[in-house]
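What follows draws every value from the coordinates through simple rules; no lab data is involved. No experiment lies behind these values; they were computed from the predicted model shown. Reconstructed Cβ throughout: ideal geometry from the backbone, glycine too, with neighbour counts over all protein chains shown.
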Amino acid sequence: MPTPNRLAIVCLLFTCLFCLACSNGQEKNIDFPETDLSKAALIPKPVNIKVRGSGFALDEYSDIVTDTNKGFAEVGKFLAGKLNKRTQLRLRVNSEDKGGGIVLIKQSDRADLANEEAYHLSITQDTLLLESKTALGAFLGVQTIRQLVPETAHTNLASYPIWVIPTGEIHDVPQYGFRSTMLDVSRHFFSVEDVKKYIDLMSYYKFNTLHLHLSDDQGWRIEIKAWPKLTEIGGSTEVGGESGGFYTQEDYSKIVNYAAAHHITVIPEIDMPGHTNAASVSYPWLNGNGKTPELYEGTSVGFSTFDTRKDSVYAFIDDVIKEISALTPGPYFHIGGDESHVTKDEDYIYFVNKVEKIVMKYGKRMIGWDEVANTDIGSSSIAQVWHSEKNKQAAIDKGMQVILSPANKAYLDMKYDSLSRFGLNWAAYIPVDSGYVWSPESYGPKESILGIEAPLWSETISNMAELEYLAFPRLIGYSELGWTIEANRNWEDYERRLAGQVPYLKRMNVQYYPSPRVDWERQKDLKEVNR
Ligand code: TNX
């Protein structure tokens, strides 16, 4: 028996189809070119694609109708905005005289849509139907729709331009619910506008998490009202002696809100007890390495530490975690915990145990780099695996979940090869294919792996062009590693779809590294997805 809610949805759908038939009647006669949905340059690759071979006309008669449940109308408006920028078409969203065409529907009890990030796209000549359980699922499906819009419109199918979207079915669900990238805004500062652009690019590839490395030896980047010198002094420098910078709490909230509007969760990181020189220069009583701290603009690591045995240090940390947690809606707080080479082992353990309690007091789940697995923290905390097999195993044995960021595979700051203009190479050279061809699945049992993250450390990059050189195209591959099951991944197929991203990257003015390992010209054969 249909529930009233279901009935309403069914009625909505029929109204849409009816209106579409009226307003788009003339399109029934369109002689669509043959299409092949399975050849579309979609990244990450969906679970399942069925081909119908015809076309859906995105044109001046198309409109968007959404479910009335929370968040769906916003997703519809997001899509309308992106399609407008792209095609100049003005798609109305939920307008009175519904044109229809694109329909976003909530499906609460379909088993294949039980995952909150799952979506189903059914594309016929008349309707592009997107179904999901949540607005998040709809948002992810909308990214697929964006990737299906061809570069150019047909002008010879009707008396108006038509963007032909191939018909068929796409069923899709991610393999990991945590797909993240990190920006180190400490070694070099990046503005709110820069971070917003990064979020735009992330969301197109279905990332759902952004980790911000907000403090390190070279700079403290977030305003803490209780401790203003952190940004006044600690925020004044960066690597290479450039000007530094920091986010006011208002700036930080702008990033968090922009991310939320893209269904992306922000993870703030305050790195401690090591990587704390900028904090200790601001308030020298925090310092525990026995020296007088001075502003630092170099790139060494492992020389700084908080004094782990002072109560005042924990009162300070409590203030910092309290203020940042209050500004952060997401469930996580990252305490760093890496490379504390001048903190004694017993002090390190004592410190991490205590800080975990503070994080939990403010309602967050603690994340730390993999060294934290050697302390007595609980199984609800998370270890971010970056270099140590031993630490990874210790975390899994404790029942903790891990985030996979193996430096030799997933570090965006590693050079592509010896000729790279930016980047480091302490872990490896990571050419584009090597960054893609590895198996996160092999790192541990499925339930122990929260997901994957590609960190971008910024010792060698100081502006967007340099950032983009290291992040693109590799970041795109990490989106597929987090989303697509291993059986559906294959370098040759991925390379073809990656080459197909060039028009988007150019439109976004992304200065990607044109790796010689990718045949970028192949996108020319792709043209549209028409055969
Ligand atoms: C190691 S990875 C670090 C960072 C550096 C990075 C450079 C990690 C947890 N710590 O402090 O920026 O290498 O690749």
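Could you sort out which of 196/390; 50/196; 229/310; 225/364; 77/446; 344/392 sit more than 29 Å apart by Cα distance in this structure?
Values: 196/390 36 Å; 50/196 35 Å; 229/310 20 Å; 225/364 20 Å; 77/446 36 Å; 344/392 21 Å.
Listed pairs above 29 Å: 196/390; 50/196; 77/446.
Which whole-number percentage describes the relative contact order of the chain, with Cα contacts under 8 Å and a sequence gap of 6 or more?
Details: 1142 pairs, mean separation 72.0, N = 531.
Across the chain, relative contact order equals 14 percent.
Spelling out what I want: for every residue of segment 268-278, take phi, set θ = phi - 60°, compute 6.51 cos²θ - 1.76 cosθ + 1.60 (Karplus), and round to whole Hz; glycine and proline get x.
Result, rounded to whole Hz: x, 10, 10, 7, 6, x, x, 6, 10, 4, 5.
Compute the helix-to-body angle for 4-23: its Cα long axis versus the longest principal axis of the chain, expressed 0 to 90° and rounded to tens.
60
Taking amide H atoms as placed 1.01 Å from N in the peptide plane, list the residues 5 or more away in sequence, or in a different chain, whose amide H sits under 5 Å from that of residue 266.
Those lying under 5 Å, H to H, from residue 266 are 210, 330.
The chain: D in µm²/s via Stokes-Einstein (Kirkwood Rh, Cα pairs, 20 °C, 1.002 mPa s)?
Values: Rh = 24.4 Å.
Answer from the Stokes-Einstein relation: 88 µm²/s.
Extending each Cα 7 Å along its Cβ direction at residue 85 and residue 156, get the distance between those two points in nm, one decimal.
Rounded to a tenth, the inter-label distance reads 3.2 nm.
Please work out the Cα convex hull volume for segment 329-485 and give it in Å³ per residue.
On the way: hull volume 20.4 nm³, N = 157.
Per-residue hull volume (Cα only) is 130 Å³.
At a threshold of 8 angstrom on Cα-Cα distance, excluding pairs fewer than six apart, so keeping six or more, what relative contact order does segment 243-323 reach in percent?
Value for segment 243-323: 25 percent.
Out of the DSSP beta bridges found with both residues in the chain, what percent are antiparallel (nearest 5)? Let's see the in-between values first.
On the way: 22 of 65 bridges.
Taking every DSSP beta bridge within the chain, about 35 percent pair in antiparallel fashion.
Exposed loop sites here are GluC sites (Glu not before Pro) in DSSP loop states with at most 11 other C-beta atoms within 10 Å. What is the longest stretch of the chain lacking them? Spell out each step's value before the answer.
Working: sites that count: 34, 96, 294, 521.
Counting at most 11 other Cβ atoms within 10 Å as exposed, the longest clean stretch of the chain is 295-520.
Give the Rg (one decimal place) followed by the Dmax (whole number) of segment 475-527, computed from C-alpha coordinates and expressed in Å.
Calculated on Cα positions, Rg and Dmax stand at 11.5, 33 Å.
Quick one: check the C-alpha center-to-center distance for segment 36-105 versus segment 154-199, whole angstrom.
So the two Cα centres are separated by 14 Å.
Taking amide H atoms as placed 1.01 Å from N in the peptide plane, list the residues 5 or more away in sequence, or in a different chain, whose amide H sits under 5 Å from that of residue 48.
Here the answer is 171, since their amide H atoms fall under 5 Å of that of residue 48.
If you split all Cα-Cα distances of segment 243-380 into 10 Å bins from zero, what percentages do you get per bin, shortest first?
Histogram of Cα-Cα distances, whole percents per bin: 12, 41, 35, 12, 1.
Say a paramagnetic label sat at a point 7 Å from the Cα of residue 260, along Cα to Cβ; which residues of segment 35-75 have their backbone N under 16 Å from it?
In segment 35-75, the label zone of residue 260 (backbone N under 16 Å from the point 7 Å along Cα→Cβ) covers 70-72, 74-75.
Give me the extension gain from residue 312 to residue 229: residue separation times 0.36 nm, minus the current Cα-Cα distance, reported in nm with one decimal. Please report the intermediate quantities before stating the final value.
Numbers: separation 83, 0.36 × 83 = 29.88 nm, distance 1.62 nm.
Full extension of this stretch gives 28.3 nm more.
Computed FRET efficiency, Cβ-Cβ of residue 487 and residue 285, R0 45 Å: what is it to the nearest 0.05?
Details: r = 56 Å, r/R0 = 1.24.
Computed FRET efficiency for residue 487 and residue 285: 0.20.
Taking the chain as the reference, fit the longest principal axis to its C-alpha atoms, fit the long axis of helix 474-483 to the helix C-alpha atoms, and give the angle between the two in degrees, 0 to 90, nearest 10.
Orientation of helix 474-483: about 80 degrees from the principal axis.
Can you list the equivalent-ellipsoid semi-axes of segment 419-531, largest first and in whole Å, using the square root of 5 times each Cα gyration tensor eigenvalue? Write down the numbers at each step before the final one.
Details: eigenvalues 107, 94, 30 Å².
After scaling each eigenvalue by five and taking roots: 23, 22, 12 Å.
Rounded to the nearest 500, what is the chain's calculated 222 nm mean residue ellipticity when only DSSP H runs of at least 4 contribute -39500 (n - 2.57) each, over all residues? Mind dumping the intermediate values first?
Values: 17 runs with 176 residues, N = 531.
Computed ellipticity for the chain at 222 nm equals -10000 deg cm²/dmol.
Hey, fewest Cβ within 10 Å first, where do 381, 388, 442 land in order?
Result, fewest neighbours first: 442, 388, 381.
Could you state the number of Å between the C-alpha centres of segment 244-299 and segment 368-386?
20
Could you give the length gained on full extension between residue 417 and residue 442, defined as 0.36 nm per residue of separation minus the Cα-Cα distance, in nm? List each step's numbers first, then the result.
On the way: separation 25, 0.36 × 25 = 9.00 nm, distance 2.55 nm.
Here the answer is 6.5 nm.
How far, in degrees from 0 to 90, does helix 192-204 lean away from the longest principal axis of the Cα atoms of the chain, to the nearest 10?
50
Name the long-range amide H neighbours of residue 63: under 5 Å, sequence gap of 5 or more, or other chain; modelled H, no Pro or chain starts.
Those qualifying (amide H under 5 Å, at least 5 residues apart or on another chain) are 100, 101, 102.
With the convex hull built on the Cα atoms of segment 88-174, state its orientation-averaged projected area in nm². Kindly include the intermediate steps, with their values, before the conclusion.
Numbers: hull surface 26.1 nm².
Quarter of the Cα hull surface area: 6.5 nm².
Tell me, what ³J(HN,Hα) does each residue in segment 430-437 have, in order and in whole Hz, if you take phi through Karplus 6.51 cos²θ - 1.76 cosθ + 1.60 with θ = phi - 60° and put x for Gly and Pro?
Values per residue, Gly and Pro as x: 10, x, 4, 5, 5, x, 9, 8 Hz.
Can you give the extra length, in nm with one decimal, that the chain gains between residue 70 and residue 92 once fully stretched, where that is 0.36 nm per residue apart less the Cα-Cα distance? Walk me through the numbers on the way to the answer.
Working: separation 22, 0.36 × 22 = 7.92 nm, distance 1.85 nm.
My answer for the length gained is 6.1 nm.
What is segment 110-238's relative contact order, in percent, from Cα pairs under 8 angstrom and six or more apart in sequence? Don't skip to the answer; put the middle values down first.
Working: 177 pairs, mean separation 25.4, N = 129.
Result for segment 110-238 is 20 percent.
Classify segment 42-148: rounded, prolate or oblate, from the alpha-carbon gyration tensor (a ≥ b ≥ c, eigenvalue square roots; a/c under 1.5 rounded; otherwise prolate if a/b is larger than b/c)?
On the way: a/c = 1.60, a/b = 1.21, b/c = 1.32.
Oblate, since a/c reaches 1.5 and b/c is not below a/b.
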